[in-house]
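J.: The following block contains the structure, expressed as structure tokens.
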Amino acid sequence: QHGRYDLQAMIRAASDEMGCGAMKQPKLADFHADFVSPCIELAVPVNHGAGRGVVAVEAIAENQLLMASRAIALFSTDEKVQTHAFDPYSKRYEDNSHANLVQSIIHKIEGSQSFGKAFYSLSAGSEYSDPVPDAEEGMIDINRIQAIIANNAFKVEKQEGQLSEVAKEYEQHMTSSTSVLASERAFTNMKEYFNRTTGVWLNQSLLNHSCSPNCTYTTVGSFMFVQAARSVEAGAELCISYTGDKSYAERVEIFSGWLGGTGFACTCPRCSLLRTRPDLAEMDAEAFAGFTEAEQLVTMDGLRMAIAGDKALRPSCRSKIIASHSELPLHLQHSPIRLLKIMEGASLAAHGHKEAALQAYELAADIGYAVRGGGAQLDRLTDLCRLAGAALAVERPERAKAALREAWRCCQAAQSMSQQAFLALAEKYTLPWWLDSIDGVMQRRAVVAALATSVAKAKRS
């Protein structure tokens, strides 16, 4: 009723509820009711070709909970034993969680008229009538079921409730100065053991896409929480990102397969700009390609970001792209400039220009916030920890503490982050931007731990 949930209890219940295969007895559903904020209105017609959407009827504050509900259909599969089958509707190979989700929905429609009514109320794209006639609500229309899943299903690569366990695992590997790289590999390899979950959430499916979203979502077991990523004015549409952080060309390719293959034209400010500026669209692709290659050089070859960044994209080319966007508002500079400023900062720091590097990281964080807001988002956490590391590199502990304070606030927005997990993640994402070499890693790790601990304790008191 009031939108208050005991996230720690839900995480413990989710560990029992979720597993490989269909859900077990839904313990979360026994104790937690669905919630929709009185500040929003669902299924409101919108005027940009997206059908229905969700709109703020009152001003909304950053991190405010907007909706919470359990999935009406959900299936998890173990990535280690994952198989794929060709889906004739989406015209691509889907993992077995998708196929099993279809079977789960069919069984539920056969067993419950109310479920069929709720499921068929979701959009199936322009090829189908909306809503479904009453006489057809109990029928098994496999093509429509496939279309509804294609238009509405969420794929959750890892459950938010497991984040604390990941941080704990990372912390356990950080036993000596020589284990830094080993712990990084262990942390990355753990992703292979997360269940891939595919599900359909009724109210959340009404949220339309934006490349500059004002909402973010988190899952705990079968529950999905949607929070405001920034403050929102009354009358504004509430949106999430369907694509994540991808280049404009990649997003256009994804959009082309939406709405049953008829395609979708994103009307967000960034996409609208790039449609009229092919030069910026080309730079967007170049920036993403350069950063992706740099990340691969760091991960696969063990290069530092400063070397990898200059190798993947010439500094002169990087500077040209940044200069071409410098007069644009931050939300229109968008992700490519954020990524290039990270590369630029690493290069500046490696050449001893650490104050300039800090300024580059600050702009990267500001752009990130302008694009996707704050809240419990990993990119926001890494931006702030990067700032903290760069501030410590120029002996500005108060600036570092302020960045970590904001990082802790982001973690608390999800209400599921323990202090122990925060300390482990703060170390993981802060130290690489302070360390010049492995020398002194233990002492610097202690400094970061002390700062993060003081921030977390201060916010709890």
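The values are calculated or read from the model by the stated rules, or taken from the named source; none is laboratory data. All of these numbers come straight from a predicted model, not from anything done at the bench. Note that we place each Cβ from the backbone using ideal geometry, even for glycine, and neighbour counts take in every protein chain shown. For the accessible areas, the whole protein counts, side chains as well, though only heavy atoms, and no ligand, DNA or RNA atoms are used. Shrake-Rupley method; radii C 1.70, N 1.55, O 1.52, S 1.80 Å.
J.: What spacing in nm lies between the two simple spin-label points modelled at Gln443 and Leu378, each 7 Å away from Cα in the Cβ direction?
T.: With each label point 7 Å from Cα toward Cβ, the separation is 3.3 nm.
J.: Using the per-residue mean of other Cβ atoms lying within 10 Å as a proxy for protection, in what order, highest first, do the peptides 262-275, 201-214 fall?
T.: Going from most to least packed, we get 201-214, 262-275.
J.: I've got another one for you. Find how much the distance from Ala59 to His353 grows on full extension, using 0.36 nm per residue of separation minus their present alpha carbon separation; answer in nm with one decimal.
T.: Full-extension gain reported as 101.6 nm.
J.: Right, here's the next one. Could you please state how large a percent of the accessible area of region 231-272 is carbon and sulfur, counting protein chains only and using a 1.4 Å probe?
T.: Taking all protein chains in place, region 231-272 shows 55 percent carbon and sulfur surface.
J.: OK, next. Between Ala450 and Ser114, what FRET efficiency follows from the Cβ-Cβ distance if R0 is 51 Å, with the result rounded to 0.05?
T.: The formula returns an efficiency of 0.40 here.
J.: Could you give the distance between the Cα centres of region 381-426 and region 218-271, to the whole Å?
T.: 27
J.: What nm value, rounded to one decimal, do you get for the distance between Leu328 and Thr299 when each label is placed 7 Å out toward the C-beta?
T.: 2.5
J.: Hey, can you rank 67-75, 441-449 by average C-beta count inside 10 Å, highest first?
T.: 67-75, 441-449
J.: May I ask you to give the solvent-accessible area per residue for region 310-461, in square angstrom, as obtained with a 1.4 angstrom probe?
T.: Counting only protein heavy atoms, the per-residue value for region 310-461 is 40 Å².
J.: Something else now. Show log10 I(q)/I(0) for region 274-334 at q = 0.18, 0.22, 0.23 Å⁻¹, two decimals, from a solvent-free Debye sum over equal Cα scatterers.
T.: Ignoring solvent entirely, the Cα scatterers give -0.66, -0.87, -0.92.
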